[in-house]
1. DSSP loop GluC sites (Glu not before Pro) in region 269-302 with at most 14 other Cβ atoms within 10 Å of their Cβ, which ones?
2. State, to one decimal in nm², a quarter of the convex hull surface area for the C-alpha atoms of region 104-257, i.e. the direction-averaged projected area.
3. Can you check what the net charge comes to around R266, using other residues whose Cβ is under 14 Å from the Cβ of R266 (Lys, Arg +1; Asp, Glu -1)?
4. Name the residues whose placed amide hydrogens come within less than 5 Å of the amide hydrogen of A157, ignoring near sequence neighbours (fewer than 5 apart) on the same chain.
5. Please list, ordered by chain and number, the residues whose modelled amide H lies under 5 Å from the amide H of I274; skip anything fewer than 5 residues away on the same chain.
6. Which value, in Å to one decimal place, does the Kirkwood hydrodynamic radius take for region 248-348 when every pair of different Cα atoms is included?
7. If the reach is capped at under 19 angstrom between alpha carbons, list the aspartates and glutamates near K26, excluding any in the same chain fewer than eight residues apart.
8. Using the Karplus equation 6.51 cos²θ - 1.76 cosθ + 1.60 (θ = phi - 60°), what ³J(HN,Hα) coupling, rounded to whole Hz, does each residue of region 136-153 give in order, writing x for Gly and Pro?
Amino acid sequence: MATVTKRDYYEVLGVDRAASDDEIKKAFRRVARQHHPDLQTDTQKKKQAEEKFKEANEAYEVLSNPELRKRYDMFGHSAGPQGFGGGGGGPDFAGGFGDVFGDIFGDFFGGGRDRPQHGNDLQYNLSLAFEEAVDGKEAKLKIPRWEACDPCHGTGAKSPNDMKPCPGCHGTGQIRLQQGFFSINQTCRQCQGAGRIIADPCPACHGQKRVYRERTLSVTIPAGVETGMRLRLAHEGEHGVNGGPPGDLYVAIKVKPHPIFTREGRDILVELSIDMVTAALGGKVEVPTLKGKTSVKIPEGTQHGRVLRLKGMGTSSLKRHSPGDQLVRVKVTIPTKLSARQRELLTTFAKESGTLSGDSGGGFFGKAKNLFG
Ligand SMILES: [Zn+2]
Ligand SMILES: [Zn+2]
């Protein structure tokens with residue numbers, strides 16, 4: 001590394017020399033995320049990203065430490081006990097990330113730090129057709145997540161021999177800083193106090209102890225789920241690090257509306273138009289249900305808005321397995337175009353029942369006339 005001309009640390013992070021700690025932290029996040037090797041699929045690009053990633057890490061290691069930053073400002077790259085960063089410890093680019101990235105990447109930068117970290121919970125938003133929510137289904141979900149790295153058994157090292165005592169602190173995890181008359185012990189930044197570093201990282205996970213991959217999970221969606229429900233799949237979230245427990249996976253349900261059916265708990269509602277003659281005389285009509293058409297008897301004298309109940313034709317719920325009913329709301333339609341013959345028949349009908357408007361004594365106007373004299 002000494003043979004390569006190093007870029008200025010401020011330039012690496014793209015910040016001003018007067019940048020605040022916060023600005024440095026933000027800039028580092030941006031740069032490191034941009035060059036994260038796992039976000040590259042192409043081998044060549046991955047290699048380049050890894051270099052940039054390491055460079056950003058090194059710059060941050062120094063600029064985030066007030067003591068080291070001060071020295072760097074004064075002496076440049078030649079300063080420091082082992083120079084800065086690349087002190088021969090091998091690729092330790094995962095070190096020191098946990099605190100900065102915790103809220104973005106969920107603490108997956110565990111390198112060098114042996115403390116157990118809980119895996120993140122995940123949420124999958126599942127959109128279901130109306131019928132699928134009613135019947136339930138076996139859903140295949142593609143979940144991109146961090147999983148345990150098998151080749152290195154979660155150690156991050158190529159082999160057990162590649163875990164070496166940290167050269168920065170000689171395996172103690174602490175660094176002694178002399179300040180005038182005082183000497184203070186500080187947690188070693190190179191190994192985050194673990195005392196060990198990964199000399200040769202596992203090629204499968206680049207020393208991160210876990211790998212990002214898309215997993216297809218088969219999930220049973222029970223019959224009767226509704227929009228807003230969340231199913232919890234224990235331990236199907238992201239893998240923990242250093243023996244930390246895995247997170248959970250939540251499946252958030254959204255049911256698409258159906259063109260004719262709606263649901264109210266276990267009942268299914270449908271609106272059915274019938275003509276006024278059938279409403280008056282009664283008869284048999286066909287009603288759509290989720291299991292196909294069924295024949296329903298319309299009682300004589302059915303009023304507009306009446307609700308007919310088809311027992312057991314609804315859906316079950318998560319709490320109750322016995323199905324609800326299908327409710328059929330009747331909509332009586334009035335013809336808008338009448339033939340001369342139909343008009344004559346209806347007029348006759350009105351005369352018979354004394355309801356023809358304008359007819360003395362009968363109908364609304366007739367009654368109104370009587371009322372007002
Ligand atoms: Zn150390
Ligand atoms: Zn590995």
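Values in this text are rule-based calculations from the coordinates and carry no lab data. Values in this document were obtained by computation on a predicted structure and should not be read as measured data. Note that we place each Cβ from the backbone using ideal geometry, even for glycine, and neighbour counts take in every protein chain shown.
1. Numbers: sites: E271, E286, E300; in loops: E300.
In loop regions of region 269-302 (DSSP not H, G, I, E or B), the sparsely surrounded GluC sites (Glu not before Pro) are E300.
2. Numbers: hull surface 46.0 nm².
Convex hull of Cα atoms, orientation-averaged projection: 11.5 nm².
3. On the way: positive: R263, R309, K311, K319, R320; negative: D135, E226, E264, D267, D325.
Net of charged neighbours comes to 0.
4. Excluding prolines and chain starts, which carry no amide H, the hits are C202.
5. Long-range HN contacts for I274: K331, V332, T333.
6. Numbers: mean 1/r = 0.0630 Å⁻¹.
Hydrodynamic radius (Kirkwood, Cα pairs) of region 248-348 is 15.9 Å.
7. D8, E11, D16, E55, E58, E61, D99, D103, D107
8. These are the phi-based 3J(HN,Hα) values: x, 6, 9, 9, 9, 10, 8, 10, x, 7, 7, 10, 4, 8, 6, x, 10, 6 Hz.
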